[in-house]
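Every read-out reported here was derived from the displayed coordinates using simple, explicitly stated rules and does not represent laboratory data. Here the structure is a predicted model, which is why all the values come from computation and not from measurement. Neighbour counts are summed over all protein chains in view; Cβ atoms, including those assigned to glycine, are modelled from backbone coordinates with ideal geometry.
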Amino acid sequence: MFSEPGINRSSMLDGLNAEQERAVTSTEGPVLVVAGPGSGKTRVLAHRVAYMIAERGVQPWHILAVTFTNKAAREMRERLERLIGPEQARKLTAGTFHSTCAKILRRDGHLIGIDPRFTIYDDGDQIDAVRQSLKALNLDPKQYGPRPILSRISKAKSQFIGPERFAEQTESYFEEIAARVYEQYQQILKRNRALDFDDLLGEALRLFEEQPDALRRYQEWYRYVLVDEYQDTNRVQYLLVKALTSEHRNLCVVGDPDQSIYGWRQADIRNILDFKRDFPEAAEVHLEMNYRSTSSIVEAADHVIRANTQRIQRRLRTENPPGDRIVIRESYDEGDEAQFVVSEIRRLARSGRYQFRDAAVMYRTNAQSRSIEEAFVRSEIPYQIIGSTRFYERAEIKDAMAILRLIANPSDTASLQRLIRNTRLGKGIGAKTMSQIDHWSYLTGQPAFVALAALDGRSHLAPPEVGSRAAKLLADVHATIARLHEESTRTHPSELFDRAVEMTGFAEQFRDTGDPELLDRWDNVLQLRNVLTSYDILPESEALQTFLEESALIADADTMDESGNQVTLITLHAAKGLEFPVVFLVGAEEGILPHARSMENDAQLEEERRLFYVGVTRTKERLYITHAFRRTVFGTPDVTVRSRFVDAIPKSLIESVNARPAARSALSNSGKPAAAAISRPVPVFKVGDRVFHDRFGDGRVAGVKPVSGDQEVTIDFKRHGQKRLLASLANLKLG
DNA sequence: TGGTTATTTGTTTTT
DNA sequence: CAAATAACCA
């Protein structure tokens, strides 16, 4: 039974320490909460909202809680349900910046000329738009990579700098180019009635600036605003929050500068300083007691982060027992590393102390998940990968989504192009025809769909010049989509989907085929359809729109499944905010963590250190840090150097360093090979020896270097060139 | 036009 | 190594 409202005071503040209580009860006016890892931040946030509602009589719909992921929003609501009941909890607004802004723009965007049917462009769509812009400007995409240009545009947008202002303040030739692309890019988005991720925030801010009445309405509505993960907000997000709260000034921000890991996404640490400037009356609360981790882990984390100079020095505290030591393990290569992780997890599971679900493997780059995943597949231990192989990035899903997006917003030319390229409906319409349409769009400023309408005799505009055969086909496309679009407001999404995949001939390409791969893909499409059915209960007029919006704005972390008993594989970035009893931090090597591309300056390096720190502090009990002697990156194997971050951990907290089981026994005394090493005998090599390797084949020893109880041999392989290998691990045979 | 193969290019991190 | 693009042929 849930507690009734009017709850006694103690239950809201029950079990909170003095600082936590202060964070919960300072409900009026601005508050800055600096919350260290594991300091009960999530709990405090939920209790604060509950307290406001139950004790201070604040109406739940007057509260806006902005979280970093939808999952965090969901968790907040769930906690709240337990505290004040589902009735009240449901009335709270909780969501990410992006989803909140999207909703605001659907409702009020028309005031600043935004079509409420707008499509949200994801990363891939954005790149396409940049490519198109380059083409329209006759610039060579080889010379100016779309990726760097897009990131420059995104950076400008995150600072609320529009194309005009950006063009005025360019500082290099590259920026000149970017400025021209930026302008063109915006035109393309506008023409397609599309907004990219940055626009969702930027346009919402523009709405607030240009329409004071609308802003006042939202200010009146959201009288209390909470922002979680404040250290990762950018300029525009700050300005949004500031605008929203400038009247009532009830703003509570929660963050931890030591966990700021999104600088590259224009998260601006100045937001904390500016908060104090713009809200000088703000109360400040520091949560420093760690309730999550063993003291070994807390101490290790503290030693790591201490090396950052751009930092308010403070120390982490815990009253937890020391627990297990941290295991640091050197593997031979990524395969061996993965194998170690798997067998260690199995060992822990067998011991009965942990389940699979208690463990997570964390890495710097998605690419690293490959070797780990292979080991899991072989071991038959259940696992889930967060991000990486994203469902919505599969070709067949993108195709199906394009159809749905097009139905919702026929002006979305990117989706139209996809449909024409990949379905029977577009068969016979080639690149030449499409570029004619493109040109027409450029001249008229109208989306491609209008060109199709003109060819179908449904527009007063003069149709583009295309071949008569193509004209007929395009008119057909127009008729089909127009019909589906018209039906969409009175048809359940799943039914609409069924009609759409038939009418476009999309379903057809998967049918009557024994090809197991095709069957597999169709299975994915059906999975998508299954997701759609859950939107059938919504009113037909908005169901499709809601689905598209939610699927565009899901974060990787949102897809985490906590119901099954499986190991989680996740990037360090996505792991922010999570915790696990057992954590494997893999690939702790220079060039990976810190990443090679983040070693140029101190600011970047310190962010990498924070990332490592985030990984360490996710751990409740057992932390493993692994690095490999040799790693194949890019198809080229290379000898690695252990990450400097590992070396910052005091030896007293470490259980074993450089555990190379076979290595120690390889050379027992005076360089003579041990008769029986634990696993296999390792020969002693000298220059000139002929050897055989399982993968590299025949070779000749070119050099030998003794390393702690082992040999590092350099070998010229006949087929694979020169390699450096560790004798004890390479399994070389004397030939 | 469309599908195939050869070459080439590149991997941070993500709403 | 493998995904993505370019050249190539049908």
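Given +1 at the Cβ of Lys and Arg, -1 at the Cβ of Asp and Glu and no other charges, the dipole of segment A:180-286 around its Cα centre is 400 debye to the nearest 20. Taking all Cα pairs closer than 8 Å and separated by 6 or more residues, the relative contact order of segment A:444-540 comes to 24 percent. Taking the charge dipole of chain A about its Cα centre, with +1 at Lys and Arg Cβ atoms and -1 at Asp and Glu Cβ atoms, the residue from A:GLN169, A:HIS47, A:VAL586 reaching farthest to the positive side is A:VAL586.
Taking other Cβ atoms within 10 Å as a rough exposure proxy, A:ASP125, A:ASP602 sort from fewest to most as A:ASP602, A:ASP125.
Put in line by how crowded their Cβ is, counting other Cβ atoms within 10 Å and starting with the fewest, A:THR294, A:THR365 read A:THR365, A:THR294. Relative contact order, whole percent, for segment A:113-216 stands at 38, derived from Cα pairs under 8 Å and 6 or more residues apart.
Site pair A:ASP123 and A:ARG311 shows an inter-label distance of 2.8 nm when each label is modelled 7 Å from Cα along Cα→Cβ.
Each of A:LEU316, A:VAL531, A:MET599 was placed along the dipole of chain A (beta-carbon charges, centred on the mean Cα), and the one lying farthest toward the positive end is A:MET599. Using a Förster radius of 56 Å, what is the FRET efficiency between A:GLN527 and A:LEU734 based on their Cβ-Cβ separation? Nearest 0.05, please. That pair, A:GLN527 with A:LEU734, gives E of 0.55.
Between A:ARG378 and A:GLU486, the simple label model (points 7 Å from Cα in the Cβ direction) yields a spacing of 6.0 nm. What are the lysines whose alpha-carbon lies under 16 Å from the alpha-carbon of A:LYS71, with same-chain residues fewer than 8 places away excluded? Leaving aside lysines fewer than 8 places away in the same chain, those within reach of A:LYS71 are A:LYS41, A:LYS576. Computing FRET efficiency as 1/(1 + (r/R0)^6) for A:ASP647 and A:GLU465, where r is the C-beta to C-beta distance and R0 is 60 Å, gives about 0.35. With a simple spin-label model that places each label point 7 Å from the Cα along the Cα-to-Cβ direction, the separation between A:GLU171 and A:GLN604 comes to 1.6 nm.
Applying 1/(1 + (r/R0)^6) with R0 = 51 Å to the Cβ-Cβ distance of A:ARG56 and A:PHE634 gives a FRET efficiency near 0.30. Cross-link check: pairs A:LYS276/A:LYS620; A:LYS135/A:LYS155; A:LYS142/A:LYS723 evaluated at a Cα-Cα cut-off of 30 Å; pairs beyond the cut-off: A:LYS276/A:LYS620; A:LYS142/A:LYS723. Farthest towards the positive end of the charge dipole of chain A, among the residues A:LEU226, A:ALA367, A:ALA89, is the Cα of A:ALA367, using unit charges on the Cβ of Lys, Arg, Asp and Glu. Each of A:LYS242, A:LYS651 was scored by other Cβ atoms within 10 Å of its Cβ. Arranged with the fewest first, they read A:LYS651, A:LYS242. Mean residue ellipticity at 222 nm, helices only, chain A: -14000 deg cm²/dmol; runs of at least 4 DSSP H residues each add -39,500 (n - 2.57), and the sum is divided by the number of residues. Short-range pairs are left out: with C-alpha atoms under 8 Å and at least six residues apart, the relative contact order of chain A is 15 percent. Test of understanding: extend the Cα→C-beta vector of A:LEU538 to 7 Å, then name every residue of segment A:392-423 with backbone N under 19 Å from that spot. Within reach of a label on A:LEU538: A:392, A:398, A:400-412.
Sorted on the mean count of surrounding Cβ atoms within 10 Å across their residues, most packed first, peptides A:614-620, A:435-441 read A:614-620, A:435-441. Shown in residue order for segment A:142-151 are the 3J(HN,Hα) couplings computed by the Karplus curve 6.51 cos²θ - 1.76 cosθ + 1.60 at θ = phi - 60°: 6, 7, 10, x, x, 4, x, 5, 4, 6 Hz (x for Gly and Pro).
The phi torsions of segment A:93-98, fed into the Karplus equation with coefficients 6.51, -1.76 and 1.60 and a -60° offset, translate into couplings of 8, 9, x, 7, 3, 5 Hz, rounded to whole numbers, with Gly and Pro shown as x.
The length gained by stretching the chain between A:LYS432 and A:HIS286 to full extension, at 0.36 nm per residue less their Cα-Cα distance, is 46.3 nm.
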